[in-house]
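Quick notes on the structure that follows.
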């Protein structure tokens with residue numbers, strides 16, 4: 001990143017916390033209890049959706065009775081919150097990486113498809129609440145990623161033009177959202193060689209052994 005970049009915006013699930021497996025567990029537990037046949041194939045489809053979209057997705061395939069979609073969505077969120085609180089799910093080195101960016105006067109944002117009330121739970125888990133200048137949830141957008149709205153909103157809140165922002169993402173839909181917003185994109189693989197990062201400008205495999213000067 002050169003001096004024209006003024007802000008770094010992080011995705012949450014899979015980038016600052018290893019929570020995707022927890023979402024998958026909660027999805028299987030809650031929806032299976034309602035008579036839904038949760039398959040790995042369909043879970044791959046839902047993993048990049050907002051929780052409201054996931055709930056609608058399963059209801060359309062396996063309609064349940066006597067319980068609202070909003071209630072079911074909150075059941076999933078509540079279960080994920082419990083799992084984040086109790087499981088070892090921190091991404092190695094991410095807090096220190098953010099601290100190095102802050103020391104270089106980058107503004108730090110968070111842009112996630114996850115519900116807003118999950119964000120403070122995650123940041124408290126990482127002891128990183130004070131490191132973020134702003135946080136944004138696609139819960140308040142008409143569409144989640146891969147729509148660019150969440151990234152454009154976050155850039156506006158940081159008061160930094162989108163083209164001066166760097167987004168760090170681990171999913172293709174997230175990278176696509178940031179690209180559509182006009183941002184520089186870094187793919188965070190966490191050692192996963194199967195991630196499609198062709199549209200990314202840079203790649204980081206691990207935060208804890210990455211030399212930040214390598215982005216210059």
Over the chain, the sum of -39500 (n - 2.57) across DSSP H runs of at least four, divided by residue number and rounded to 500 deg cm²/dmol, gives at 222 nm -12000 deg cm²/dmol
On a 0 to 90 degree scale, rounded to 10, what angle separates helix 51-61 from the longest Cα axis of the chain? 40
Degrees, to the nearest 10: 94-103 long Cα axis against longest axis of the chain: 40
Determine, for each peptide in 20-32, 52-64, 178-190, the mean count of other beta carbons within 10 angstrom over its residues, then list the peptides with the highest first. 178-190, 20-32, 52-64
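What share of the DSSP beta bridges in the chain is antiparallel, in percent to the nearest 5? Present the calculation step by step, with values, prior to reporting the outcome.
Working: 1 of 21 bridges.
Looking only at bridges with both residues in the chain, the antiparallel portion is about 5 percent.
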What the Cα atoms of segment 20-86 span along the principal axes, largest first and in whole Å, is 31, 25, 19
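Provide the gained length on full extension for the span residue 20 to residue 105, in nm with one decimal, where the gain is 0.36 nm per separating residue minus the Cα-Cα distance. Could you put the intermediate results ahead of the total?
On the way: separation 85, 0.36 × 85 = 30.60 nm, distance 3.01 nm.
Length difference between fully extended and current span is 27.6 nm.
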Based on the Cβ-Cβ distance of residue 190 and residue 33, what FRET efficiency does E = 1/(1 + (r/R0)^6) give at R0 = 45 Å, to the nearest 0.05? 0.90
If you find the alpha carbon centre of segment 128-203 and of segment 76-93, how far apart are they in angstrom? 21
Just one of (i) 61, 45, 36; (ii) 68, 41, 32; (iii) 56, 32, 32 is Cα extents along the principal axes in Å calculated from these coordinates, so which is it? (iii)
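At 0.36 nm per residue, minus the direct Cα-Cα distance, what do residue 156 and residue 52 gain on full extension? Give it in nm, one decimal, please.
Numbers: separation 104, 0.36 × 104 = 37.44 nm, distance 2.47 nm.
Gain on stretching residue 156 to residue 52: 35.0 nm.
Every read-out reported here was derived from the displayed coordinates using simple, explicitly stated rules and does not represent laboratory data. All figures in this text were calculated on a predicted structure; none of them were measured in a lab. Ideal geometry is used to build each Cβ from the backbone, glycine not excepted, and the neighbour counts take in all protein chains shown.
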